[in-house]
Amino acid sequence: MNVVEGNGRKVALGVMGLMLGYTLSRLGFTDFGEVHRMFTLQDQRLLFAFMGAVPISMIAFRLLRSARPVPLRRFHKGILAGGALFGLGWALTGACPGVVFAQLGEGKAYALVTLAGVVVGSAAYVRVHAKYLRFDRGTCG
Amino acid sequence: MSDPFRPWWLGALALAGTSLSYLLVLGRPLGVSGALGVVLDGDALRAGSRPQLDQAAMEREILAATREAFGDDALLQLSSSTAAATTPSTSPAGRSLSWIESAVFLAAIVAGGLVATGTRGAFAVQAALPASVTSLFGAGGWAALFVGGVLVGAGTQLAGGCTSGHGLVGCARLQPASLAATMTFLGTAIATSLVMQQVLR
């Protein structure tokens, strides 16, 4: 399959985003109660969905690997610290970044508050990092 | 809850399918926090697009400059040592997302939520905190959402990825960095939630 260019990319991104938002919403990742039940180990349905996706992708990526070699992601200092902060925030909000956007589409106006926080946190962090920290987070494009 | 959620294995297929087709069509791994990073990047907005790193051109230039400065022998040494380098890829990754493309992606996720609820008559503007939040935080739920959001934003930018980038794609590719990131954020979320459950109820 060829890598598309130009407006085809925007269309493709639109379709992918739609699929992601639809799936997150339909599965229940956008429901605080459901996510909380997953994190308190009461209901594994969401966890199975997420964990089930990983091996499926793994098999598919392996089959494709010869066609598209993959650069190794750097295991940098921010990985564990960032992961911890993110996990803390996810427990408090029930939302990871994609979920916040899906929630807005569902009409959950209260997610605007979550979004405000995510925007503030992301923007503030990127500025702090650029000024003071300067290690490669692996997000160079 | 009267609305039956789709079974988990179908969701697993949908998530895997999305990340796979994203990689095939766009030539780079799916990542929501990455797209958000681009949208919030003032430089990207002003430039109209993110600076594009043409890896292949850069490598050609470096090799040419090396040959010029050190002669062909240096290139022979270089090629044998870079074989073991951590980047087995010499083909350029798909071009990074421009500002518009990132915005389109995020807006489409919103649309996905709209379609998922609208088609089932489940769309509803909810301005009040849901009971699941207030039962834990009361009116403090607003602060929890905002502060939690700040942590999610800062944390995902620091880690260089979120549930999609590290969790879905990075783990599927068995990247040690992503496996560590995913275990850390899932573990922290679980631990925090268990504490919340004990302390707040």
What is the fewest-to-most order of A:Cys96, B:Cys162 by other Cβ atoms lying within 10 Å of their Cβ?
A:Cys96, B:Cys162
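Where Rh denotes the Kirkwood radius from the mean inverse Cα pair distance, what is Rg over Rh for the range A:1-128? Numbers along the way, then the final one.
Values: Rg = 17.0 Å, Rh = 17.1 Å.
Checking Rg against Rh, the ratio lands at 0.99.
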Compute the distance in nm between two label points, each set 7 Å from the Cα along the Cα-to-Cβ direction, one at A:Arg45 and one at B:Arg120.
0.9
Whichever lysines have a C-alpha closer than 26 Å to that of A:Lys131, once near sequence neighbours (fewer than 8 apart) are set aside:
A:Lys77
Within a 10 angstrom radius of the beta carbon, how do B:Leu179, A:Leu63 rank from fewest other beta carbons to most?
A:Leu63, B:Leu179
Among A:Lys108, A:Lys131, rank each residue by its count of other Cβ atoms within 10 Å, from fewest to most, as a rough exposure measure.
A:Lys131, A:Lys108
What length, rounded to one decimal in nm, is gained on full extension from B:Ala131 through to B:Glu61, with 0.36 nm per residue of separation minus their alpha-carbon distance?
19.2 nm
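None of the figures in this text is laboratory data; all of them are computed from the coordinates on show. What you are looking at is a predicted structure, and each value in this text was computed from that prediction instead of being measured. Counting neighbours? That spans all protein chains shown, and the Cβs are built from the backbone with ideal geometry, glycine included.
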